[in-house]
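**Q** Sharing a structure below in structure tokens format, with a few things to ask.
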Amino acid sequence: MWQIRPGLDTLKSYHVPDIAWPVKLDANERAEAPPPAVQAAIAERLAAVAANRYPEIGQHSLKQALANGLRLEPENIVLGNGSSEVLAAICRVFGGPGRKIVQPSPSFSMYPIYCKLADSVPLTVELDAGFALAPEKVLATALKEQAALIILCNPNNPTGGAMAPEAVEYIVAGARCPVVVDEAYGEFSGQSALPLLGKYRNLIVARTFSKAYGLAAARVGYAAGDREIIAAIGKVLLPYNLNAFSLAAAQAAWEMRGEFAPGIAGTVAERERLAIALRELPAVEVFPSATNFLLVRTGRAKALAEYLAARGVGVRDFSAAPSLAGCLRITVGTGAENDALLAATGKFLHGEV
Ligand SMILES: *Cc1c(COP(=O)(O)O)cnc(C)c1O
């Protein structure tokens, strides 16, 4: 009766359990709603949206606002329904049958899916035992395999570590193809490849409103780069890919982005407090993080995740993945949420259960 596109049958669907955890530390979201002043501004802008009209076709308002803040031109910016859409579009622009896309592993589980949806071949470069990525390995693989695109996730999800800006520049400078740096967690690392945009035409930087800006529900992300590359990405995206409500919400958040600085600093401080406290527990390894989450490795990871779940604490269990054996990813929550996580984890690891 029907035959779906070859290859689609073996493609894995993205799956995360949809559970309303009382303590939700599984999705790297901002723990709270945006700051009240931003919430109020968003509500006002949403009320003013003309729901009967199509959104601006060129999405000029938000592009201009982003360009002003980033010292770029609107032509250097493309918007997506989440940075996910932009990343998938970049794979469609540079991928294609038989074309190779170099990416780290373990990293964001969607990258290989974007590659396959673009009929291209994902080529993974393994992180080392401490979950650091060797820039020489990335560049050598890309050159040897004549890659069409390199994806870097900096800082890397789910491991949390960041590459030094010099390492990113080394790859971008040496590559003979575009390099997209996914900076979904860039606001927490305090470093970015954005300043390199003026120097390298093959660099693309992807960012999102879903994490530090607390707008995961709105689904807004963007990429910044050379105007020819940005125009090509625009070609593969559908017109009106972002709804007017999301555009308005993101613009309010961006214009008031200073309001987020205390929250970001607070999350970084909580991350360090959590890391120190977790390292004091028996039989657990805590990897360095430049994000709003921590990757931990422990002997009975699955049992710990289940124990936490029974107490209403949701974390992301990666322990079934061979390269992440024993690993759980814990999003940094509010102080109280982190205390709840610590208390339960402490009981479990001290063998009091
Ligand atoms: C969360 C995340 C994204 C962005 O997701 P969107 O909500 O689609 O903007 C992109 N890359 C990584 C590595 C992420 O963790």
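The values are calculated or read from the model by the stated rules, or taken from the named source; none is laboratory data. Predicted model only: the values in this text are computed from it and were never measured. Virtual Cβ from ideal backbone geometry, glycine too; neighbours counted across all protein chains shown. To get the accessible areas, we keep the full protein, side chains included, count just its heavy atoms, and leave off ligands, DNA and RNA. Shrake-Rupley method; radii C 1.70, N 1.55, O 1.52, S 1.80 Å.
**Q** Suppose each label sits 7 Å from its Cα in the direction of the beta carbon; what would the Tyr14-Glu228 distance come out to in nanometres?
**A** 3.0
**Q** If contacts are Cα pairs under 8 angstrom and at least 6 residues apart, what is the relative contact order of the chain in percent?
**A** Relative contact order for the chain comes out at 22 percent.
**Q** Between Arg273 and Ala343, what is the spin-label point distance in nm, taking each point 7 Å from the Cα along the Cα→C-beta axis?
**A** 1.5
**Q** Take Ser109 and Glu32, extend 7 Å from each Cα along the Cα→Cβ direction, and tell me the distance between the two endpoints in nm.
**A** So the two model labels end up 3.1 nm from each other.
**Q** Could I ask something else about it? Of all the Cα-Cα pairs you can form in region 36-257, what percent are over 32 Å apart?
**A** Cα-Cα pairs of region 36-257 separated by over 32 Å account for 16 percent.
**Q** Using a probe radius of 1.4 Å on heavy atoms only, what accessible surface per residue do you get for region 36-257? Whole Å² is fine.
**A** 41
**Q** Residues in region 163-188, backbone N under 18 Å from the label point at Gln146 (7 Å along the Cα-to-beta-carbon vector): list them, ranges by number please.
**A** In region 163-188, the label zone of Gln146 (backbone N under 18 Å from the point 7 Å along Cα→Cβ) covers 175-178.
**Q** Separate question: What aspartates and glutamates does Lys347 reach when the alpha-carbon gap must be under 14 Å and sequence neighbours fewer than 8 apart in one chain are set aside?
**A** Glu280, Glu306, Asp339
**Q** Compare Ala275, Ala173, Ala320 in a GNM of the chain, Cα atoms joined below 10 Å, and give the one with the largest fluctuation.
**A** Maximum fluctuation in the GNM of the chain, among the listed residues, is at Ala320.
**Q** Among all the lysines, which ones have a C-alpha under 28 Å from Lys116's C-alpha, if same-chain residues fewer than 8 places away are not counted?
**A** Lys12, Lys100, Lys137, Lys144, Lys211, Lys235
**Q** Please state the charge dipole magnitude for the chain, taken about the Cα centre, from unit charges on C-beta atoms (+1 on K and R, -1 on D and E), reported in debye and rounded to the nearest 20. Please report the intermediate quantities before stating the final value.
**A** Working: 33 positive and 33 negative charges, 131 e Å.
In debye, rounded to 20, the chain gives about 620.
**Q** Is it possible to state the helix-based mean residue ellipticity at 222 nm for the chain, with each DSSP H run of 4+ residues giving -39500 (n - 2.57), the sum divided by total residues, to the nearest 500 deg cm²/dmol? What is it?
**A** Details: 12 runs with 135 residues, N = 353.
Computed ellipticity for the chain at 222 nm equals -11500 deg cm²/dmol.
**Q** At a Förster radius of 56 Å, what calculated FRET efficiency corresponds to the Cβ-Cβ distance of Ala129 and Ala43, to the nearest 0.05? Intermediate results must be reported in sequence, preceding the final value.
**A** Values: r = 49 Å, r/R0 = 0.87.
Approximately 0.70, to the nearest 0.05.
**Q** Within the chain, what whole-number % of the accessible surface is contributed by carbon and sulfur, with the 1.4 Å probe and all protein chains included in the calculation?
**A** On the way: 9070 of 16250 Å².
Reported share for carbon and sulfur atoms: 56 percent.
**Q** Determine, for each peptide in 327-339, 39-51, 120-132, the mean count of other beta carbons within 10 angstrom over its residues, then list the peptides with the highest first. Could the numbers behind the result be given before it?
**A** Numbers: 327-339: 21.2, 39-51: 13.6, 120-132: 16.0.
Final packing ranking: 327-339, 120-132, 39-51.
**Q** Return, ordered by residue number, the residues of region 134-170 whose backbone nitrogen is under 15 Å from a label point located 7 Å along Cα→Cβ of Arg176.
**A** What the label zone holds, given the 15 Å backbone N cut-off, is 139-150.
**Q** Computed FRET efficiency, Cβ-Cβ of Val353 and Ala50, R0 56 Å: what is it to the nearest 0.05?
**A** Here the calculated transfer efficiency is 0.50.
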